[in-house]
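The values are calculated or read from the model by the stated rules, or taken from the named source; none is laboratory data. Note that the structure is predicted; figures quoted are calculated from it, not measured. Note that we place each Cβ from the backbone using ideal geometry, even for glycine, and neighbour counts take in every protein chain shown. Side chains included, ligands, DNA and RNA excluded: accessible areas come from the protein's heavy atoms. Shrake-Rupley method; radii C 1.70, N 1.55, O 1.52, S 1.80 Å.
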Amino acid sequence: MDSPGGRPLMQVVFRAREWSGTPAVREPDKCTGWGWWHPAKLPAPIVPYTRAAIEGIRAGRLYTEMGWS
């Protein structure tokens with residue numbers, strides 16, 4: 001994600017098919033908690049690039065990008 005005058009950011013998203021353990025908030029200054037939502041009923045607010053990644057996964061795309069010029 002690149003914005004004029006802002007710090008360039010890049011988010012990498014992977015689809016997990018299996019996992020173990022319990023999620024934990026490791027950066028409480030950046031994340032208030034973990035939750036599980038149906039992909040069609042994501043909470044608001046949600047950052048646009050996260051929504052784009054989830055919509056891309058749901059559409060069967062292996063790669064989604066936005067914000068690069």
Quick check on my filter: what residues within region 52-62 are at pLDDT 90 or above, under 25 Å from Pro8 (Cβ atoms) and either in contact with a Gly (Cβ under 6 Å, 6 or more places away or on another chain) or open to solvent by 60 Å² or more (accessible area, probe 1.4 Å) (or both)? Glu55, Arg61
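Could you check, for region 51-60, whether at least one of its residues is among the aliphatic types (A, V, I, L, M) and in a loop (DSSP other than H, G, I, E, B)?
Yes - at least one qualifying residue is present in region 51-60.
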Top-ranked residue of region 17-27 - restricted to ones that are at negative phi and of a type outside the set (A, V, I, L, M, F, W, C), ranked as most open to solvent (accessible area, probe 1.4 Å): Arg26
Surrounded by 10 or more Cβ atoms within 10 Å (Cβ to Cβ), at pLDDT 85 or above and among the aromatic types (Phe, Trp, Tyr): is that true of Tyr49 in this structure? yes
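Table: residues versus (1) open to solvent by 90 Å² or more (accessible area, probe 1.4 Å); (2) assigned to a loop (DSSP other than H, G, I, E, B); (3) closer than 17 Å to Thr64 by Cα; (4) at pLDDT 80 or above.
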{"residue": "Ser3", "(1), (2), (3), (4)": "no, yes, no, no"}
{"residue": "Arg15", "(1), (2), (3), (4)": "yes, yes, yes, yes"}
{"residue": "Asp29", "(1), (2), (3), (4)": "yes, yes, no, yes"}
{"residue": "Trp34", "(1), (2), (3), (4)": "yes, yes, no, yes"}
Could you grab the pairs with beta carbons closer than 9 Å, sequence gap of 6+ or different chains, first residue in region 25-42 and among the hydrophobic types (A, V, I, L, M, F, W, C), second one open to solvent by 100 Å² or more (accessible area, probe 1.4 Å) and at pLDDT below 85? Val25/Thr32; Val25/Trp34
Those residues of region 36-50 which are part of a loop (DSSP other than H, G, I, E, B) and within 14 Å of Val13 (Cα to Cα) amount to Val47
